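The structure under discussion is supplied below as structure tokens; questions concerning it will follow.
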Amino acid sequence: MTIHLSTEVRNARLQAIKDIIGESGYLRIRSGTVPDFTSEADSGDVLSEITLPSGWLSVPTGGTVAMSGTWADASADDTGTATHFRIYRPDGTTCDLQGSVGTSAADMIVLTTSFVATQPFTVTAFSLVDGNT
């Protein structure tokens, strides 16, 4: 038998992600292999780091939440190929969320995965969907 969750429960789980990370978390776009778990050490180089905007995720609705505000860096930190992202709490060390980066068919969508130090970077799409509908 498949477990089904109400939309209210799914929205609450997504809201918990927002609450735990807080309103001033950090997004780091990295090169290298994605760690298997958020508790593992970082891998690759930090190509860009931004402070997430206040209200960085929309209000969960229908079991989905999307990026809110502008997620951009006016000047990338390093040159390399972006492969994954990690989102950290305001302490800058506790990673609670990670995934792939790409121009399509990835967890986080960017205009290009070829980062050049000092060049601008923008996230164009990011959302989370809570399953078990």
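Kindly check whether there is at least one residue in the range 49-59 that is in a loop (DSSP other than H, G, I, E, B), at pLDDT 95 or above and touching a His at 6+ places or on another chain (Cβ under 8 Å).
No - not one qualifying residue is present in the range 49-59.
Residues of the range 38-50 being open to solvent by 50 Å² or more (accessible area, probe 1.4 Å) and either on the phi > 0 side of the Ramachandran plot or touching a Pro at 6+ places or on another chain (Cβ under 9 Å) (or both), which ones?
Scanning the range 38-50 gives A41, D42.
Residue-wise test of (1) farther than 27 Å from T7 by Cα; (2) among the aliphatic types (A, V, I, L, M); (3) under 13 Å from the mean Cα position of the chain (by Cα).
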position: D36; (1), (2), (3): yes, no, no
position: P60; (1), (2), (3): no, no, no
position: G63; (1), (2), (3): no, no, no
position: A72; (1), (2), (3): yes, yes, yes
position: D78; (1), (2), (3): yes, no, no
position: D91; (1), (2), (3): yes, no, no
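Let me ask another. For the range 71-89, how many residues meet the condition of being closer than 28 Å to V9 by Cα, in a loop (DSSP other than H, G, I, E, B) and out of contact with any helix residue (DSSP H, G or I) (no Cβ under 8 Å at 6 or more places or on another chain)? Don't jump to the end; show me each part of the working.
Restricting attention to the range 71-89, the residues satisfying the condition of being closer than 28 Å to V9 by Cα are 71, 85-89.
Checking which are in a loop (DSSP other than H, G, I, E, B) leaves us with 71, 89.
So of that shortlist, the ones also out of contact with any helix residue (DSSP H, G or I) (no Cβ under 8 Å at 6 or more places or on another chain) come out as 71.
Count: 1.
Here's another thing I want to ask about it. Mind listing just one residue for me: the one in the range 107-120 that is in a strand (DSSP E or B) and more than 14 Å from the chain's Cα centre (by Cα) and, of those, surrounded by the most Cβ atoms within 10 Å (Cβ to Cβ)?
Per the criteria, the residue is F115.
Within the range 90-106, restricting attention to residues that are open to solvent by 30 Å² or more (accessible area, probe 1.4 Å) and of a type in the set (G, A, S), which residue is farthest from R10 (Cα to Cα)? Break it down into steps so the answer makes sense when it comes.
Residues of the range 90-106 that are open to solvent by 30 Å² or more (accessible area, probe 1.4 Å), as a first pass: 90-91, 93-94, 96, 98, 100, 103-105.
Next cut, of a type in the set (G, A, S) only: 100, 104-105.
On the way: S100: 23, S104: 25, A105: 23 Å.
Restricting to residues being open to solvent by 30 Å² or more (accessible area, probe 1.4 Å) and of a type in the set (G, A, S), the top hit is S104.
Name the residues in the range 60-70 that are in a loop (DSSP other than H, G, I, E, B), touching a residue at least 40 places away in the same chain (Cβ under 8 Å) and open to solvent by 40 Å² or more (accessible area, probe 1.4 Å), would you?
The answer is G62, T70.
The values are calculated or read from the model by the stated rules, or taken from the named source; none is laboratory data. Values in this document were obtained by computation on a predicted structure and should not be read as measured data. In this analysis, Cβ positions are derived from the backbone assuming ideal geometry, glycine residues included, and neighbour counts consider all displayed protein chains. All accessible areas refer to the heavy atoms of the entire protein, side chains included, with ligands and DNA or RNA removed. Shrake-Rupley method; radii C 1.70, N 1.55, O 1.52, S 1.80 Å.
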